[in-house]
Structure formats: structure tokens, C-alpha cells
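Let me begin by presenting the structure, written as C-alpha cells, before commenting on it.
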Amino acid sequence: MKNELNKLYEKLSGKTVTVIGIGVSNTPLIKLLAGMGITVTARDKNENLGDVKKELEKLGVKTILGKDYLEGITEDVVFKTPGLRYDIPQLVQAKNNGSIITSEMELFYELCPAKKIGITGSDGKTTTTTLIYEMLKKQGFKCHLGGNIGTPLLDKLGEIAPEDIVITELSSFQLHTMTHSPQIAVITNLAPNHLDMHKSMEEYIEAKENIFKYQTKEDILVTNLDNQITNDISKKAPSSVVYFSRNSKPEKGVYLDGDSIIC
């Protein structure tokens with residue numbers, strides 16, 4: 001077991017863990033923790049998980065499925081699925097009773113030894129994330145792609161070296177409770193989105209701001225000069241800000257002039 005996986009084990013050893021959501025991002029996490037000997041309970045509102053349920057139970061994982069899947073959370077650490085609000089009554093009660101509420105991506109960002117590039121925005125974040133990943137690979141860097149783009153990363157900690165680069169697409173749901181920011185943050189644009197999940201546009205913007213909120217002055221925020229919201233919130237960044245624009249040449253950044261890029 002490599003150093004970063006040792007850190008994960010040390011952080012959770014002796015604790016009980018519940019994982020909410022038995023889906024693409026959390027199933028590898030559940031298997032990893034069970035394989036480490038951690039006491040894991042997996043919860044999901046879907047009662048019909050068939051072979052997945054059997055596979056997890058063979059690993060010693062307790063499963064709680066169905067409409068009451070969020071009841072009775074008493075475990076020491078709770079990994080929530082990104083689409084579940086952090087302030088629902090069951091999680092608030094668990095936190096008040098001493099549970100630590102976190103997520104696969106939050107813990108990955110805390111433990112990852114490599115430089116991280118995080119991309120968010122209302123539109124274009126998947127395309128931007130993929131382009132950055134492909135360009136860096138062609139330059140010879142060993143890169144790891146994940147986050148909201150569909151690949152969980154926490155169970156890959158043992159494969160990631162300090163000299164690697166991790167490129168992550170981050171949704172507002174993932175960012176909502178993040179307390180770590182990437183060394184390079186990219187915000188493509190911001191517009192009203194996911195307001196069925198967020199209580200207000202202000203809350204949605206605040207979630208997005210977490211991508212740079214915990215940066216240092218040595219870090220970089222890359223954002224859109226032409227988008228009023230990203231332009232406004234960039235003034236809060238503790239890091240160095242670089243802009244891109246189609247409308248005017250930024251004092252510091254990139255001007256996209258038709259098919260040309262002017263730095």
C-alpha cells in the first residue's frame with residue numbers, strides 16, 4: 001500500500017463509515033474501504049441493486065436500501081453523494097451527533113500528492129477539462145482525469161505520484177462543501193443553473209467560489225473576463241488571476257481573436 005493510501009487508512013482506521021449513494025463515484029470507494037478492513041455501511045434509495053448488493057455484502061459491507069436509507073446515521077464518517085444537500089435533516093442531525101460529513105472528492109483533494117487543476121462553470125466545463133487533459137498528455141505529463149467527468153479518483157491514490165498532474169471537472173454539488181482548492185482553478189462562465197438544487201443564485205455562486213476560495217497567492221485562477229459574474233467574483237480570489245476574453249485584450253491573460261490566440 002503506497003503512502004497516500006496509508007494516509008487514508010490512518011485517517012479512517014478504527015472508525016465506522018457510511019457511504020451514501022452506491023453509484024459510479026462511490027462503489028470503488030466502498031470496495032476500497034472494505035478491502036482495508038474499515039467497517040462500512042452503504043446506503044442507497046434504490047432497493048433493486050441486485051448483484052452489486054450481493055458483491056458488497058460478500059466484502060462485509062452492510063447495505064441499507066429503500067426509502068428510509070438515510071435514517072439512523074450514527075457512523076463516525078459519512079461520505080455523501082454529490083447530489084445530496086449537506087443540510088438535509090438527517091445529515092444535520094448526524095453532524096450534531098459528532099459525525100464527520102465529507103465526500104469522495106473532498107477527501108481526495110485533501111490527500112492527493114500531485115498538482116491539481118480544477119475546472120468548473122455553467123457551460124463548457126467537460127470540454128475544457130478534456131482539452132486540458134489531452135494537451136498536457138501530449139506534452140508528456142502523466143495525467144489523471146476525474147471528478148464530475150465520471151471517473152472516481154480516491155481509490156487511485158496509490159497510483160498518483162507528486163510529479164503527476166490531476167485534472168478534475170468539479171460541479172457545484174461537489175464544490176458546495178469543499179475546503180480545499182486546486183493549485184490551478186478554471187471557471188469557464190457562470191449563469192443561472194441547478195436552481196432546483198441550490199436555494200438561490202447566490203448560493204450557486206458561493207459553491208462555485210470554493211474552487212478558488214482556499215487557494216494561496218502562489219496559485220492561479222483562470223476565468224472569463226467577458227462573463228459579468230466570473231469577472232466580479234474573481235476580485236475575491238487570494239491567488240493570481242489570469243483572464244481570457246473574446247471581446248477585449250486582458251491586461252493579464254489571453255485574447256481570443258477569431259481563430260487566433262493572443263497572449
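Here are a few things to note about the model shown:
Okay, residues lined up against (1) closer than 19 Å to Gly124 by Cα; (2) in a helix (DSSP H, G or I); (3) of a type in the set (S, T, N, Q); (4) in contact with a Gly (Cβ under 6 Å, 6 or more places away or on another chain):
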| site | (1), (2), (3), (4) |
| --- | --- |
| Ala207 | yes, yes, no, no |
| Ile211 | yes, yes, no, yes |
| Thr216 | no, no, yes, no |
| Lys235 | no, yes, no, no |
| Phe244 | yes, no, no, yes |
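- Scanning the range 166-186 for residues that are more than 8 Å from the chain's Cα centre (by Cα) and open to solvent by less than 10 Å² (accessible area, probe 1.4 Å) returns Val166, Ile167, Ser172, Pro182, Ala185.
- Top-ranked residue in the range 1-29 [being farther than 14 Å from Phe108 by Cα, aliphatic (A, V, I, L, M) and not in a strand (DSSP E or B); ranked as most open to solvent (accessible area, probe 1.4 Å)]: Met1
- Filtering the range 30-57 to residues that are under 19 Å from Pro82 (Cα atoms), free of Cβ contacts under 8 Å to residues at least 40 places away in the same chain and open to solvent by 40 Å² or more (accessible area, probe 1.4 Å) leaves Lys45, Asn46.
Yes or no, residue by residue, for (1) modelled with pLDDT under 95; (2) open to solvent by 60 Å² or more (accessible area, probe 1.4 Å):
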{"residue": "Tyr214", "(1), (2)": "no, yes"}
{"residue": "Asp232", "(1), (2)": "yes, yes"}
{"residue": "Val242", "(1), (2)": "yes, no"}
{"residue": "Pro250", "(1), (2)": "yes, no"}
{"residue": "Leu256", "(1), (2)": "yes, no"}
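- In the range 86-105, the residue that is nearest to Lys199 (Cα to Cα) out of those that are in a strand (DSSP E or B) and of a type in the set (A, V, I, L, M) is Ile101.
- Unmet criterion (only one of (1) in a loop (DSSP other than H, G, I, E, B); (2) of a type in the set (D, E, K, R); (3) free of Cβ contacts under 8 Å to residues at least 24 places away in the same chain) for Glu163: (3)
- In this structure, Ser103 does not satisfy being open to solvent by less than 40 Å² (accessible area, probe 1.4 Å), among the polar types (S, T, N, Q) and more than 13 Å from the chain's Cα centre (by Cα).
- Which numbered condition Tyr86 misses (of (1) touching a strand residue (DSSP E or B) at 6+ places or on another chain (Cβ under 7 Å); (2) among the aromatic types (Phe, Trp, Tyr); (3) farther than 24 Å from Asn148 by Cα): (3)
The values are calculated or read from the model by the stated rules, or taken from the named source; none is laboratory data. This one's a predicted model, so the numbers in the text were calculated from it and none came from an experiment. Note that we place each Cβ from the backbone using ideal geometry, even for glycine, and neighbour counts take in every protein chain shown. To get the accessible areas, we keep the full protein, side chains included, count just its heavy atoms, and leave off ligands, DNA and RNA. Shrake-Rupley method; radii C 1.70, N 1.55, O 1.52, S 1.80 Å.
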